[in-house]
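Derivation of every value follows stated rules applied to the coordinates shown; laboratory data play no part. This structure is a prediction, so every number in the text was calculated from the model and none was measured. All Cβ positions, glycine included, derive from the backbone under ideal geometry; neighbour counts span all protein chains shown.
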Amino acid sequence: MTLSVASIGAAEHLAFVRAQRSVSFLQTPAWAQVKTEWRSESLGWYDGERLAGAGLVLHRPVPRLDRYTLAYLAEGPVIDWTGRLEDWLRPLAAYLKANGAFAIRLGPPVRTDTWTAAQVKEGIADPGIRRLTELPSVEAPGRRVTEQLEAAGWLPQNPVDGFGTGHPQYTFELPLGGTEDDVLRGMNQQWRRNIKKAIKAGVEVTVGDDLKAFHDLYVHTAERDHFTPRPLRYFETMFAALRAEDPDRIRLYLAHHEGELVAAAIMIRVGTQAWYSYGASATEKREVRGSNACQWAMIRDALAAGCDVYSLRGITPTLDADDPHVGLIQFKVGTGGQAVRYVGEWDLPLRPVMYRGFDLYMRRRR
C-alpha cells in the first residue's frame, strides 16, 4: 500500500470522522476552534483517491522561531494502527517536515494493558503492590505499536505518574452494554448506595446551558482541590465549537438540591464513545451525593445513545494507599469498569538540533 498525505478541508475531515465507530474528540475538526492559541490543519491519508485516514494537527511554534513548529496529534491520528505503521507515518513525517515542523508528537489511541476493577481494588488493599504495572494485565495490540515506534526512532514522552504536558497515558473506562440494571450491578456497593442517596435526597440532574453557574462551582472546586482552573471563556468557546459541529457533541449536567447547585459535569460524545470531561462540586451538602448523581445521569445517557465506552479519563498508576493520587482511582473504580494503559505520547525529531533546544526549553519551564 502506497499512501500520500495532504491537507484536507474541515468538511471532508468531519465526514471521515462520522464514518468511524469511535474517534477521540481531540481529533475532530471542531477541536481546532477550541485550541485557538495553536495553528491547526486537517490532514488526510490517501490510498489513490480514497481517503483512508485523517488527523487534526495542532502546530506549536518555537519561541523566537515562529516558522518552525511542534506538530501535535493528540490521541491520534485516525489511521489503521493494526497495520505496518511505517506506511502511515513516513508520509506524515515527510509532509510535516516540508511544511516547517521540527518534530511530531502523537498519541496512538491504542491500548497496551487493561486491569479489571477487582484487580485494582485488590492491588490497593495489598501493601506489597504499589503500581498498576505490578499486577498481571490483559495485553492489547498497543505493545506491537510500541515496538514499531521504537524501531522507527520515535521517543516516548510518558512520565512515571502517567500525567505530563499532554494527555494521560492511564485512564479509567466503563464498558457499556446491556441495561441500566446491568451497569448498576457492576458498580460497587458504595456507588449504588450513593446513587440511591442522591435520589432519596431529591437531587435533580438536568442538562442545561448555564456555563457561568458551572464555572463558579468549578473555580470553587479548584481552590479546594488545589489546581489551576480554566477561564470561563475557554468553556464558552468549547461549547460553541463542538455544538456547531454536532448539537449532541457536548452536554452540561447540573445537579441541584433544594434549588442549590451542588455538582456539575461536562460530557462529550463522538460516535460510540463518551467522555466525562470536567466536573465540579460544592463543599457543602456532600452528603446528598450530587457528583454521583451527575455521573449516573451521564452514564445512562451514554448507554441510551448506544455508546460502547464511557471514559472517566485520566488516572495515575499508583495503588499506594498513602499516595494522595490514589483517591482518584478509588472513586472511579467504584463504577466497576477497568483501568487502561495506552501507548502514550511519542515524539519524532525531524530537525534534531532544534528539537533538543525545544526539549531543554520545556524542561526548564517545568
### Task
Take the Cα radius of gyration of segment 125-192 and divide it by 2.2 N^0.38 Å, with N its residue count; two decimals is plenty.
1.55
#### Entry: Spatially proximal lysines relative to Lys200 (Cα-Cα < 22 Å; intrachain offsets below 8 disregarded)
Lys285
### Query
segment 249-355: Rg/Rh from Cα coordinates, Kirkwood Rh?
1.08
### Message
I'd like the orientation of helix 85-98 relative to the chain: the angle between its Cα long axis and the longest Cα principal axis, in ° from 0 to 90, rounded to 10.
### Response
70
#### Entry: From the C-alpha gyration tensor of segment 184-234, square roots of 5λ in Å
28, 16, 10
### Summary
In a Gaussian network model of the chain with springs linking alpha carbons closer than 10 Å, the residue among Lys212, Lys197, Lys332 that fluctuates most is Lys212
### Message
7 Å from Cα along Cα→Cβ at both Val207 and Arg193: what's the point-to-point distance in nm?
### Response
3.2
### Message
Taking 10 °C and 1.306 mPa s as the conditions, I'd like the Stokes-Einstein D for segment 59-185 in µm²/s, using the Kirkwood hydrodynamic radius from alpha carbon pairs.
### Response
91
### Query
Just the Cα atoms of segment 308-366: what Rg and Dmax do they give in Å?
17.3, 47
## Note on the structure
With x for Gly and Pro, the residue-by-residue ³J(HN,Hα) of segment 103-118, computed from phi through the Karplus equation 6.51 cos²θ - 1.76 cosθ + 1.60 at θ = phi - 60° and given in whole Hz, is 6, 10, 10, 9, x, x, x, 10, 7, 10, 8, 9, 10, 6, 4, 5
### Message
I'm a student and want to see the number: the projected area of the Cα convex hull of segment 174-281, averaged over all directions, in nm².
### Response
8.0
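Looking at the chain, which longest stretch skips every one of the GluC sites (Glu not before Pro) that is in a DSSP loop with at most 14 other Cβ atoms within 10 Å, leaving the sites themselves out?
50-257
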### Task
State, in angstrom, two size descriptors of segment 43-105 derived from its alpha carbons: Rg to one decimal place and Dmax to the nearest whole number.
12.4, 39
### Task
With a point put 7 Å past each Cα toward its Cβ, work out how far Glu134 is from Lys200 in nm, to one decimal.
3.8
### Query
In degrees between 0 and 90, to the nearest 10, how far off the longest principal axis of the chain does helix 142-151 point, with axes built from Cα atoms?
30
### Query
Which whole-number percent gives the relative contact order of segment 203-314, counting Cα pairs below 8 Å spaced six or more residues apart?
27
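What shape does segment 99-256 have by the C-alpha gyration tensor, where a ≥ b ≥ c are the square roots of the eigenvalues, rounded means a/c under 1.5, and otherwise prolate means a/b greater than b/c and oblate the rest?
Details: a/c = 1.88, a/b = 1.19, b/c = 1.58.
Note, shape of segment 99-256 comes out oblate.
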### Task
Please report, in whole Å, how far the alpha carbons of the chain spread along each principal axis, starting with the longest.
61, 48, 43
### Summary
Under 12 Å by backbone N from the virtual spin label 7 Å along Cα-to-Cβ at Arg224, the residues of segment 252-272 are 261-264
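Rounded to the nearest angstrom and ordered from largest down, what semi-axes does the equivalent ellipsoid of segment 1-47 get from its C-alpha gyration tensor (root of 5λ)?
Values: eigenvalues 77, 40, 15 Å².
Gyration-tensor ellipsoid for segment 1-47: 20, 14, 9 Å.
222 nm [θ] for the chain, helices only, -39500 (n - 2.57) per DSSP H run of 4+, per residue, to 500? Before the final figure, lay out the partial values.
On the way: 12 runs with 132 residues, N = 366.
Theoretical 222 nm ellipticity from helices: -11000 deg cm²/dmol.
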## Note on the structure
Here, Asp87 and Ala125, labelled 7 Å along Cα→Cβ, have an inter-label distance in nm of 4.8
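How high is the relative contact order of segment 84-201, given as a whole-number percent (alpha carbon pairs under 8 Å, six or more residues apart)? Could you put the intermediate results ahead of the total?
Numbers: 53 pairs, mean separation 21.4, N = 118.
It comes to 18 percent, rounded to a whole number.
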#### Entry: Extended-chain gain in nm, criterion 0.36 nm per residue less alpha-carbon gap, Ser4 and Leu155
52.0 nm
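Sequence gap at least 6, Cα distance under 8 Å: using those rules, report the relative contact order of the chain to the nearest whole percent. If you can, show how the numbers build up before the last one.
Values: 707 pairs, mean separation 86.6, N = 366.
Over the chain, the number comes to 24 percent.
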